[in-house]
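Report on one structure; see the data block that follows.
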Amino acid sequence: MHTLNPTEIDRLVALALAEDVGPGDITTLSTVPASATGSARFQAKAEGRLAGIDFVTAVYAQLNPAVKVELLAADGDLLRPGMYVARVEGPSQALLTGERVALNLVQFLSGIATRTARFVALVEGTGARIVDTRKTLPGYRSFCKYAVRVGGGHNHRIGLYDGVLIKDNHIQAAGNIRAAVEGARRSAQHLLKVEVEVETLEQVREALEAGAEVLLLDNMDLNTLRQAVTLCRGRALTEASGGVNESTVRAIAEAGVDLISVGALTHSVTALDISLDWEP
């Protein structure tokens, strides 16, 4: 489950290096002799969950194959301040030029994995699953969803093409919940579940009667959420969304929902603090 596509890694690394390095790293080329060699280590500065360490290998493989990369930790490892996650050795120019791209990618994905792990820990024992959303930067979605899995979370649909989720605007455009559900059922292949976003208990009943198999309970207070779960029990899966943060997620989980979707896992990432330190 915890795998990244090497082709996708190489594609993103090539784009990142082209953006950052362009025709050449002016500072490094003008201050460091081409013949110089050295070594450095990537070190965690904060506690968190590691994700995306393979990007270190990919960055230096594209910059200069003469750089030797030794991975000292694996994705999913719990990091403590001071822990080393990788060591690089070789031409000094390449080591310095690749530093920021490698750090950006590992810090970003580790930030997602770290936040996901916190949410997963907060709902432990409730039976609720923490899931992600489509709130990701273009081009980064598969990596973001990978990092969510590394953190112990689960993936919602990957894109618009692999899941039916009828939201409020679809309902308005279709006319009502029943019309939207029936249209989706006619068009979608038989293995896909139909999920409907609802905001009131009246809509919950309407969606259940229409045959929805998953209900997205949007921005409901805890009392309404519990009532909705009772109505859905044995008839449809329930997913809570909206107003979910580290202070509220436990109570939402204890309301009995099956899934809790958290946009903040990916849409406002706090990078995990990791640095590259030159060895004497």
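The values are calculated or read from the model by the stated rules, or taken from the named source; none is laboratory data. Please read all numbers here as calculations on a predicted model, not as lab measurements. Backbone-built Cβ (ideal geometry, glycine too); neighbour counts: all protein chains shown. Just so you know, the surface numbers come from the protein's heavy atoms only, side chains and all, with ligands and any DNA or RNA stripped out. Shrake-Rupley method; radii C 1.70, N 1.55, O 1.52, S 1.80 Å.
Quick look at the numbers
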| item | result |
| --- | --- |
| Selected residue (only one of Thr230, Thr266, Thr270 is hydroxyl-bearing (Ser, Thr, Tyr), part of a helix (DSSP H, G or I) and surrounded by fewer than 18 Cβ atoms within 10 Å (Cβ to Cβ)) | Thr230 |
| Test result for Leu103, surrounded by fewer than 24 Cβ atoms within 10 Å (Cβ to Cβ), assigned to a helix (DSSP H, G or I) and in contact (Cβ under 8 Å) with a residue 40 or more places away in the chain | yes |
| Residue that is farthest from Ser142 (Cα to Cα), among those in region 11-30 that are of a type in the set (Val, Ile, Thr) and surrounded by 12 or more Cβ atoms within 10 Å (Cβ to Cβ) | Thr28 |
| Ala271 vs. criteria among the small types (Gly, Ala, Ser), within 30 Å of Arg87 (Cβ to Cβ) and either touching a helix residue (DSSP H, G or I) at 6+ places or on another chain (Cβ under 9 Å) or modelled with pLDDT under 95 (or both) | yes |
| When residues of region 27-46 are limited to those that are within 33 Å of the chain's Cα centre (by Cα) and not in a strand (DSSP E or B), the one farthest from Ala147 (Cα to Cα) | Lys45 |
| Conditions (1) assigned to a helix (DSSP H, G or I); (2) surrounded by fewer than 19 Cβ atoms within 10 Å (Cβ to Cβ); number of the one not met by Pro138 | (1) |
| Residue in region 222-235 that is touching a residue at least 12 places away in the same chain (Cβ under 8 Å) and under 25 Å from the mean Cα position of the chain (by Cα) present | no |
| Answer residue from region 47-93, given it is closer than 20 Å to Cys144 by Cβ and small (Gly, Ala, Ser) and is surrounded by the most Cβ atoms within 10 Å (Cβ to Cβ) among those | Ala51 |
| Count - residues of region 190-214 that are open to solvent by less than 60 Å² (accessible area, probe 1.4 Å), part of a loop (DSSP other than H, G, I, E, B) and of a type in the set (Asp, Glu) | 0 |
| Residues (surrounded by 18 or more Cβ atoms within 10 Å (Cβ to Cβ), of a type outside the set (Phe, Trp, Tyr) and either touching a Leu at 6+ places or on another chain (Cβ under 7 Å) or free of Cβ contacts under 8 Å to residues at least 12 places away in the same chain (or both)) located in region 33-46 | Ala40, Ala44 |
| So Gly111, is it touching a Leu at 6+ places or on another chain (Cβ under 9 Å) and within 26 Å of Ala240 (Cβ to Cβ) | yes |
